[in-house]
């Protein structure tokens, strides 16, 4: 049903009149509708640059993902920044509060927390992060990058270079339109951490 609704929405966006999905009893008609839905969904997925780049980002080794965030900040921070504080669902106080918790840790702990967020480890920081809105998550990562710039957060090693896969991905990101960049970054940071409303009980952490 979820895919059916999305297919109808995409039909309308493209100016097509969707076939009625309710009341169809003929199996041949249902088969045609399912085929139409599949084709539209595949077209949407393959034409959406964010979905491909998100997959490429997640395929990177964890520390390469963190490094790529840094290079994005250094090369595009001025253009990306306004999207986070200016968004209607961003909470500056929440992002700052979580950032301050990380800032008070040792550099080794700061790095581990960032790794934990990327890999979805179940701890208090990951849960607090998971409860934030996507735009607040984006602002939190931006604050971490600012902290790295001032060395209050563990900085990048001197003369660090991205692996070829990450460098190629960075160039692809730089070639996106502004709106596509923001969509990409939100799609990347959204599933990180742990959603406390859906997480199962973890005996090892007691959470």
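Values in this text are rule-based calculations from the coordinates and carry no lab data. As the structure is a computational prediction, the values presented were derived from the model and not from experiment. We place every Cβ from the backbone using ideal geometry, glycine too, and count neighbours over all the protein chains shown.
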Region 50-189 shape via C-alpha gyration tensor axes, a/c threshold 1.5: rounded
Sorted by Cβ neighbour density within 10 Å, fewest at the top, the residues 152, 136: 152, 136
Rh (Kirkwood; distinct C-alpha pairs) - region 93-151, Å: 11.4
